[in-house]
Structures are given as C-alpha cells and as structure tokens.
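Report on the following structure.
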Amino acid sequence: AVWNGGDREYLLTATVSGRLNMIDPAKGKLLWAIEGLGENHFSLTPTAEHVFVNVGSKHPRDEGDSRMFGRLGAYAISTAGAKRVWEHPDEPNYLIPTWMDSCARRRLTARDGCVYYLVSGKEKRVRRRIVKLDENTGEILAEFPSPSSAPQFYLVENRLLVIPDASHGDSITMALLETENLKQLADFWKPPH
C-alpha cells in the first residue's frame, strides 16, 4: 500500500510470515520492519496515522490444523517506526480467517477516524458482522450482520458499498449501508449477469 508521509509517499507491505515493512521507494531502502505478526494476505489500508494488520491469534482453524485465525490490530506509523496502539481480544467473537483463500481481499476501509471491517468469528454460532471501529481505539461504534464471510468495502460519500462475495460467480451481490449507524439503505442487489 502507498502511505503518504507528508510531502513524500512510502510503501507499506505485510507478509505471510508476519512482517510489516516500510520502504522508501525513491531510495529503495527499508526504513523499518515489525516482526511477529500473524499471516497477512489482505490488502493494507493505511490512514495518515495508522495501518491495520493481522496481529495473530492462538486459535487454529480446526483442531490440529496449522492454519491459525487472526485478529485485527492497529499500528501508529511514521518514517521512524511503528508502535502497536490497539488489538482486538483473542476471543472467538473477534477472529478472522487468515488462510490464503479467505484473505486476498479488501477486508477493510477507513476514513474520518473510522474503520469499516468484517469480523467473522471462529465457531458457526458466532455471527459474522460488519463493524465500524474507532480508528484510535478499536472500539466498535456500530455493527451490521454480514451475509458473507468475504465482503469487500468501498466508501462512497456517506455510504458504505458492501460486496459480500465478489469471487463466486452468481453469488455476487451488492448493498449500501449508511456510515453513521450502519443501517441498510436497500435490499441486497444481485446484478444480472
């Protein structure tokens, strides 16, 4: 992802081995790296002050499975370094899938101090939900039940365009939520294709 550090742009990358990097593209130089995160497959979405990454979980996908769930955390970033400012609890109601088939997506978007994000949980009884978070604290400000475990989000003025599944042919649908309280503005629409 491109991060605007004032008068210059820098690159942020996160890896499947759990490393977050800031790179000066003009000099081809690694400015800093943070190790010890969880697997990061999904696209990074930095704001002026933060970047949001999978900080890891101790919950496996299935008993005996080497694939682990993840959870969202935020790092305050600058060209000098990064510091973790919050992370969601390592509990089933906050977990996200992190294996490759689940994560090569736009999992979150951010604007005006708020982050819009999907929490899908570990157990089937844990409800999937789209949450609006306070960027600085991670506090959940509003939530909306999600029909999918793999949505993508785009902010359009004061609306959140939700595409629950853009990967499986005729299951593609779209909906608009208002951003204040995540209220649905219309039924999910399935494009004719």
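Peptides 20-27, 61-68 ranked from most to least packed, by the mean per-residue count of other Cβ atoms within 10 Å: 20-27, 61-68.
Expressed in Å, the radius of gyration and Dmax of the Cα atoms of the chain are 16.7, 50.
Highest average first, the peptides 47-59, 30-42, 79-91 ordered by how many other beta carbon atoms sit within 10 Å of their residues are 47-59, 30-42, 79-91.
Under Stokes-Einstein, with the Kirkwood radius over Cα pairs as Rh, the value for segment 1-112 at 10 °C and 1.306 mPa s is 110 µm²/s. Note on the chain: with a GNM built from Cα contacts shorter than 10 Å, the maximum mean-square fluctuation among 111, 128, 19 falls on 111. The 3J(HN,Hα) values that the Karplus relation (6.51, -1.76, 1.60; θ = phi - 60°) gives for segment 23-32 are, in residue order, 10, 8, x, 5, 9, x, 10, 6, 7, 6 Hz. Gly and Pro appear as x.
Every number here is computed from the coordinates shown, using simple stated rules; none is lab data. The structure displayed is predicted, hence computed values, not measured ones. Here the Cβ is made from the backbone with ideal geometry for all residues, glycine too, and neighbour counts use every protein chain on show.
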